[in-house]
Amino acid sequence: MSTVVIHGEGLGKSYHRGALQQSTLLRDHLSRMLKSPLSVFRRPKDETFWALKDVSLEVREGEVVGIIGRNGAGKTTLLKILSRITKPTTGWAEIHGRVGSLLEVGTGFHPELTGRENTFLSGAILGMGKSEITRKFDEIVAFAELEKFIDTPVKHYSSGMYVRLAFAVAAHLEPEILLVDEVLAVGDASFQKKCLGKMGQVSREGRTILFVSHNMAAVKALCSKAVLMRDGSVTVSGTVADVVDDYFLGAAPGARAKEWRDPATSPGNENVRISYVRIIPPEGEPTITIDTGVLIEIGFDNLREDINLDCTVYLSSSDGVLIFESGHIISSDGDSRHGSYHLTGRIPAHLLNAGRYSLSVQFGKDQRYVLFRMDDAVFFEVENTSTGRGANMGVAPGIIRPMLSWRHSFEEKEQPPWSTS
């Protein structure tokens, strides 16, 4: 049986939500009193928020474990504790082996140093000798595709260049344990594919990987087991297929329609507040099937005036594959108004295949800047039918199932002499 290389028991991490600890200096007290004389008698509002609660896990050597869950579930906090970036409030963790972490773009890089200098610095932090880093250097640079910029300070790199070099360093300097967060989403499609291929190679070499991702297809392709986190706790662990199914099924009760009646606590920020997101069958249809299509309803309060406001929805399959995005310009020429809006959109019939889907909602300004985004706002299921497939009631392969228009023609010919029929 393989050796346990990561062992955590009762891990918890709390943060203070609300006012930060106030200064005890006399000048700061006097300044606050002059601004608001009664403020010195009020207790600052302070709440304790548990980002991680009583998490226990065990990872064996050579395992590739996918950690999945919605935003805010505690995935990144767990990796930060395991990589010694932050200390747990409760519990403990043991890690046996050299750890390489890629938790955010450019982790461990110094902006004033060049790509070459940061490569050697990162290698030294991982415990590699200079000769070992030198031996791997050309391979790292080639993988990151940064030959022309390797002697440029990384503060001038784009986010894509940052993550390419950071991943190349973390993967090629042979840490025994590799912790990877969702930073690969920064790279383009070809680089993401290259990264997944490299992680597959790393896993076949017997090294251990913890992989946080919202891309279920990547998790299924790469990982041997998975862990599902909700609200800071581990709810399910096991085979990848079972855990991914539980992730989508766990949101099933009422997942097709979510409503928030109190604007003060509804999802959003100072720009917009969402009041509801609904996925419903078209009028007169009892359920959502391949034949019916889908209606999308989004309600929100716009809190910004005189901006160019837009809303975009992103539809993803149960594997996390983005099927399409569709945007709607709510106002142009800076003519948005404060108030409540109701949006409707329709996914046509005979487009989606049978299966589970998630819908993310994003509000933007000038079709460039993100004001607020809510990932996996709702989940829904499309039921299968036999339309276009005769007596075949099985689920058709593929992500979509369009009903194409077909025609055929026929011309009768004499039977050729060489025919045996």
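Brief remarks follow.
- Within the accessible surface of the chain, defined with a 1.4 Å probe on protein heavy atoms only, the carbon and sulfur portion equals 52 percent.
- Applying a threshold of 23 Å to the alpha-carbon distances of Lys53/Lys225; Lys75/Lys155; Lys75/Lys225 flags Lys75/Lys155 as lying beyond it.
- Measuring with a 1.4 angstrom probe and ignoring ligands and nucleic acids, Phe324 comes out at about 60 Å² accessible.
- Annotation for Asp151 and Glu285: the two label points, set 7 Å from Cα along the Cα-Cβ direction, are 6.2 nm apart.
- In Å², nearest 10: area of His7 left accessible to a 1.4 Å probe: 50 Å²
- Within-14-Å neighbourhood charge of Gly123 [Cβ basis; K, R +1; D, E -1]: 0
- An ellipsoid equivalent to the stretch 297-408, defined through the eigenvalues of its Cα gyration tensor, has semi-axes of 35, 15, 11 Å when rounded to whole angstrom and sorted largest first.
- Each other residue within a Cβ distance under 13 Å of Ile67 adds +1 if Lys or Arg and -1 if Asp or Glu, for a net charge of +2.
- Here the gap between Ser332 and Lys87, fully extended at 0.36 nm per residue and compared with their Cα-Cα distance, gives a gain of 83.4 nm.
- Placing a label point 7 Å from the Cα of Ile399 along the Cα-to-Cβ direction, the residues of the stretch 312-338 whose backbone N falls under 17 Å of that point are 313-327.
- Modelled spin-label separation between Asp242 and Glu412, with each label point placed 7 Å from Cα along the Cα-to-Cβ direction: 6.2 nm.
- Ranked by how many other beta carbons lie within 10 Å on average, peptides 74-87, 297-310 from highest: 74-87, 297-310
- Charge dipole (Cα centre; +1 on Lys/Arg Cβ, -1 on Asp/Glu Cβ; no other charges) of the stretch 144-219 amounts to roughly 140 debye.
- Per residue, the accessible area of the chain comes to 55 Å², computed with a 1.4 Å probe over protein heavy atoms only.
- Within-12-Å neighbourhood charge of Ser318 [Cβ basis; K, R +1; D, E -1]: -3
- Each Lys and Arg contributes +1 and each Asp and Glu -1, all at the Cβ; summed about the Cα centre of the stretch 288-338, the dipole is approximately 80 debye.
- When the Cα positions of Ile95, Thr265, Val294 are compared along the charge dipole of the chain, Ile95 comes out farthest toward the positive end, with charges on each C-beta of Lys, Arg, Asp and Glu.
- Separation between Cα centres of the stretch 97-159 and the stretch 60-78, rounded to whole Å: 25 Å
The values are calculated or read from the model by the stated rules, or taken from the named source; none is laboratory data. Everything quoted here is computed from the prediction, not taken from an experiment. Ideal geometry is used to build each Cβ from the backbone, glycine not excepted, and the neighbour counts take in all protein chains shown. Quick note on the areas: whole protein, heavy atoms, side chains included, nothing else; ligands and nucleic acids left out. Shrake-Rupley method; radii C 1.70, N 1.55, O 1.52, S 1.80 Å.
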